[in-house]
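Let me begin by presenting the structure, written as structure tokens, before commenting on it.
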Amino acid sequence: MNDASTGDEGEPRDGERPPAQHGVSRRGLLKAAGGLALGGVTAASLAGCEDTTTPVAAYGAAGGGGRGILGDPTAGGPVDASGIPLARRDYPVTLPRLGDPVKAGKPETGGELLIYNYADYLNPAVLKEFGRLYNVSVRVTTFETLDEAFSKLSTGGLKFDVIFSTPDQLSRLVGRKLIQPLNYDLIPNLRKNVWPEAAEPFYDVGPRYSVPYTVYTTGIGWRNDIVDYDPAKMIPVWDAMWAAEQYRGKVQLLNDYREAIGMGLMHSGSDDLNTERPVLINASVASLENLNRKVGVKVQISAYEALPAGQIVLGQVWSGDMLNAVISYLPKGLSPDTISYAYQEVGGPVFNDVITVASAATKPVLAHHFLNFILDNKISLQNFIGYTGYQPPLNGIDAALLLKQGLIPKGLQTALVTRDAYANGNAYLTLTTAGQRLWEDGWTRFQAG
Amino acid sequence: MTRSLIWRVLAAPALVWLALFFLVATYAIVSVGMGNVTTLFEPVPHWNPLDWNVGYLKQALSDVAPGGQTWPVVVRTIAYVFVAMALSLVIGYPVAYYAARYAGRSRGIVLLLLVLPFWISYIMRMFAWTNLLAPDGYASKVLDALGIDTLMNKLGVMDGSDWLGGQPVTVVLALVYGYLPFFILPLYASLDRLDHRLIEASRDLGASPMQSFWRVVLPLSKSGILAGLVLIALPMFGDYFTQDLMSGSPDTSMIGNTINGYVQGGSEKSLGAALTLLLSIFLLVFMLGYLRSMRAEQREAAAA
């Protein structure tokens with residue numbers, strides 16, 4: 001780790017090992033880790049871990065015994081050495097079904113529906129409406145990061161009905177039996193309203209556990225009244241960050257190790273956002289360090305507030321934050337047209353968040369109704385335009401109409417996600433245990449300054 | 001006898017409470033730092049000392065050693081904290097001295113002003129500064145008008161005019177601002193107890209005001225200064241949100257940020273716990289040094 005140049009940094013840290021163990025190959029360690037977790041891991045699935053950019057076929061097939069992930073014969077897809085499913089667009093994953101979905105019935109009434117979500121990521125008016133309809137009070141508990149959410153959930157101390165998350169977290173949530181398989185008969189809006197690509201996702205074939213919540217791209221947001229060049233004209237658009245020398249100290253880098261290192265990868269011409277090659281990751285970290293020397297980045301995620309306030313003038317941002325900035329954070333006197341957004345149309349990150357039902361839910365039927373409610377065209381529009389700025393992947397949300405009605409400023413047309421972009425976009429997906437450590441180590445190195 | 005028993009009984013619940021929660025929390029950190037991580041990145045504490053795994057501790061040690069990946073952060077943290085301590089001393093001492101000796105009737109008001117910041121939480125005060133120091137914030141404008149930015153630039157401790165743009169000077173000043181009252185109050189208490197007659201005696205014996213300050217007051221306030229410095233150094237070393245709010249740049253990250261980064265997310269929670277242990281050991285050494293010098297002083301006083 002201290003010796004970045006040797007590159008072979010993927011060794012798992014668990015277990016007692018001397019800090020500098022560069023002689024051991026990743027394959028060897030992966031084998032050890034895999035043996036611990038699953039017992040019989042085949043050479044085929046290990047080969048897959050050598051380069052997860054092209055994972056092997058379904059574990060069931062590779063294992064030869066027809067056994068699916070976590071012993072469920074109906075589950076399948078690429079897994080890492082320790083059995084964690086690694087969904088990729090070309091290699092879909094069917095998550096193991098643990099137990100049966102809840103039977104249809106009358107939704108539970110009275111008391112509270114408990115939701116676990118990011119802060120400011122649900123319109124309170126929408127929650128109130130749901131509470132009124134179902135005669136229940138809705139309570140949202142918030143988390144800062146998905147990792148924190150997972151840690152707290154896995155202690156078993158927190159009981160929720162509905163959990164918001166991301167696709168790359170699903171394997172962990174299922175692995176710890178923290179979410180339950182869904183009864184999609186109770187969520188008719190999924191088939192009725194949601195883009196087909198998002199309703200039948202590769203990360204949760206079936207689907208079995210999730211419904212999509214919002215779609216977004218990662219790109220460059222900037223104040224066009226201050227920044228004197230046009231990032232939209234740069235190829236790749238990320239170059240706009242490295243060109244911001246004159247705006248030193250007012251440039252945001254997302255405080256998210258996947259997004260930040262991913263941007264470094266794209267800046268240096270790689271479009272594999274799930275690479276586990278130390279050489280590429282190290283190069284990305286080096287380019288981020290170079291970026292920091294040039295422009296003095298702010299590592300944060302609050303562009304929705306900081307950009308309209310002028311605390312930053314350009315940055316790596318999520319599309320939804322730019323709409324949120326215009327919807328909720330525009331100071332008096334600042335025109336919504338001053339905020340621009342551009343993203344990398346080919347190979348840039350485009351993805352979605354998901355909603356799930358907790359296995360510990362005390363109101364599982366009501367929770368299903370809530371998921372269905374959120375996928376209602378009208379409700380989701382109210383949630384999107386009225387509050388969060390994050391767009392739901394619904395057929396009923398007509399981007400052209402929103403623009404025409406002036407509900408979204410013309411300059412932010414680019415912040416809307418098209419079906420086409422979603423279907424072809426790149427995404428940050430689950431990495432192998434060793435791979436994730438590589439990314440995290442790189443990020444720690446960068447953050448040490 | 002009975003009186004001391006009564007006090008012992010009264011003090012017991014709080015002492016047990018403090019000891020229990022200190023020990024349990026510390027043991028939990030040790031167990032996580034000496035533990036393991038599952039393939040789902042959940043830390044598995046090893047409660048049994050026989051199962052302790054020192055891999056993470058070794059890793060943390062090599063990280064903070066010269067040349068390690070956390071080494072720059074360690075150097076930076078120590079530099080920031082020591083500069084902040086020096087500034088606190090220079091800024092805080094006159095205030096404490098004034099309050100203890102010259103405030104007279106306005107002493108109550110001075111003390112009130114010192115306690116006032118505690119009415120608002122530390123984080124809220126820092127949040128207020130993020131708005132005031134924003135490029136179009138009031139404080140920014142005033143500092144700009146007074147030419148403070150230019151001065152700081154000339155001194156080489158600031159780059160440009162954006163106070164929140166990853167400036168070491170902002171982080172250090174914010175630390176001073178945040179913890180200064182903790183330095184002044186114990187110092188005030190110690191100066192307040194200072195025997196006035198000793199100063200008069202030194203003057204009678206021909207010392208100038210300056211000399212009597214250097215040779216009498218300052219040595220006598222050593223314990224108060226040390227107590228104040230220790231009191232602010234401990235939280236400053238572990239502070240992370242001041243840096244987060246005032247800069248957020250990798251150029252100014254402190255050890256607290258590194259630990260926070262490990263603990264908040266990802267697969268390295270055990271490494272975060274191991275680093276926490278190292279920091280605690282470092283601070284313990286600091287504390288012991290303070291206690292030793294206190295005891296030496298007490299012995300001297302007793303001998304005199």
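The values are calculated or read from the model by the stated rules, or taken from the named source; none is laboratory data. Remember, predicted model here, so these are calculated numbers, not experimental data. Backbone-built Cβ (ideal geometry, glycine too); neighbour counts: all protein chains shown.
Of the residues A:Ile84, A:Ile115, the single one that is under 26 Å from A:Asn324 (Cα atoms) and surrounded by 13 or more Cβ atoms within 10 Å (Cβ to Cβ) is A:Ile115. Among the helices (runs of 4 or more DSSP H) confined to segment B:200-304, the ones with at least 3 residues that are in contact with a Pro (Cβ under 9 Å, 6 or more places away or on another chain) and either within 14 Å of another protein chain (Cβ to nearest Cβ) or in contact (Cβ under 8 Å) with a residue 12 or more places away in the chain (or both) are located at B:222-238, B:269-303.
Residue count for segment A:142-183 under the criterion of being more than 14 Å from the chain's Cα centre (by Cα), part of a loop (DSSP other than H, G, I, E, B) and either β-branched (Val, Ile, Thr) or modelled with pLDDT under 95 (or both): the result is 8. Do you know which of the residues in segment B:155-181 that are modelled with pLDDT under 90 and away from chain A (no Cβ under 14 Å) is nearest to A:Lys298 (Cα to Cα)? Once the filter is applied, the top-ranked residue is B:Val157.
Scanning segment B:219-274 for residues that are out of contact with any Phe, Trp or Tyr (no Cβ under 9 Å at 6 or more places or on another chain) and farther than 30 Å from B:Asp159 by Cβ returns B:Pro219, B:Leu220, B:Lys222, B:Ser223, B:Val263.
Evaluated against (1) under 20 Å from A:Ser319 (Cβ atoms); (2) in the same structural domain as A:Ile374 (by TED's automatic domain parsing), A:Asn193 falls short on exactly one condition, (1).
Rundown of residues vs (1) exposed (fewer than 15 other Cβ atoms within 10 Å of the Cβ); (2) outside any helix (DSSP H, G or I); (3) charged (D, E, K, R), yes/no style:
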{"position": "B:Ala79", "(1), (2), (3)": "yes, no, no"}
{"position": "B:Leu87", "(1), (2), (3)": "no, no, no"}
{"position": "B:Ala96", "(1), (2), (3)": "no, no, no"}
{"position": "B:Arg105", "(1), (2), (3)": "yes, no, yes"}
{"position": "B:Val110", "(1), (2), (3)": "no, no, no"}
{"position": "B:Leu113", "(1), (2), (3)": "yes, no, no"}
{"position": "B:Phe127", "(1), (2), (3)": "yes, no, no"}
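Among the residues making up segment A:424-437, a single one is over 18 Å from A:Pro78 (Cβ atoms) and facing another protein chain (nearest Cβ under 10 Å): A:Arg437. Determine whether segment B:144-154 contains at least one residue that is in a helix (DSSP H, G or I), within 14 Å of chain A (Cβ to nearest Cβ) and without any contact (Cβ under 8 Å) to a residue 12 or more places away in the chain. There is at least one residue in segment B:144-154 that is in a helix (DSSP H, G or I), within 14 Å of chain A (Cβ to nearest Cβ) and without any contact (Cβ under 8 Å) to a residue 12 or more places away in the chain.
So for segment B:178-197 (the condition being surrounded by 19 or more Cβ atoms within 10 Å (Cβ to Cβ) and closer than 17 Å to A:Gln311 by Cβ), does at least one residue qualify? No, because not a single residue in segment B:178-197 is surrounded by 19 or more Cβ atoms within 10 Å (Cβ to Cβ) and closer than 17 Å to A:Gln311 by Cβ.
Against the test of being within 21 Å of the chain's Cα centre (by Cα), among the β-branched types (Val, Ile, Thr) and at pLDDT below 95, the options B:Thr70, B:Thr38, B:Thr77 yield a single qualifying residue, B:Thr70. On the given criteria, is A:Ile408 buried (at least 22 other Cβ atoms within 10 Å of the Cβ), outside any helix (DSSP H, G or I) and either at pLDDT below 90 or within 14 Å of chain B (Cβ to nearest Cβ) (or both)? It is true that A:Ile408 is buried (at least 22 other Cβ atoms within 10 Å of the Cβ), outside any helix (DSSP H, G or I) and either at pLDDT below 90 or within 14 Å of chain B (Cβ to nearest Cβ) (or both).
Are any of the residues in segment A:127-144 touching a Phe, Trp or Tyr at 6+ places or on another chain (Cβ under 9 Å) and within 14 Å of chain B (Cβ to nearest Cβ)? Among the residues of segment A:127-144, at least one is touching a Phe, Trp or Tyr at 6+ places or on another chain (Cβ under 9 Å) and within 14 Å of chain B (Cβ to nearest Cβ), which makes the answer yes. State all residues of segment A:242-278 that are away from every other protein chain (no Cβ under 12 Å) and basic (Lys, Arg); if no residue qualifies, say none. Within segment A:242-278, A:Arg277 is the sole residue that qualifies. Identify the residue in segment A:82-124 that is out of contact with any strand residue (DSSP E or B) (no Cβ under 6 Å at 6 or more places or on another chain) and acidic (Asp, Glu) and, among all such residues, is farthest from A:Leu170 (Cα to Cα). Ranking the candidates gives A:Glu108 first. When we screen B:Gly156, B:Gly137 for residues that are on the phi > 0 side of the Ramachandran plot and not hydroxyl-bearing (Ser, Thr, Tyr), the only hit is B:Gly156.
Just one of the numbered conditions (1) at pLDDT 90 or above; (2) in contact with a Lys or Arg (Cβ under 7 Å, 6 or more places away or on another chain) is not true of A:Val126: (2).
Of the residues B:Ile232, B:Ile255, B:Ile225, the single one that is out of contact with any strand residue (DSSP E or B) (no Cβ under 9 Å at 6 or more places or on another chain) and under 24 Å from A:Leu291 (Cα atoms) is B:Ile255. Of all residues in segment A:164-209, those satisfying the criterion of being over 26 Å from A:Thr142 (Cα atoms) and among the acidic types (Asp, Glu) are A:Asp185, A:Glu197, A:Glu200.
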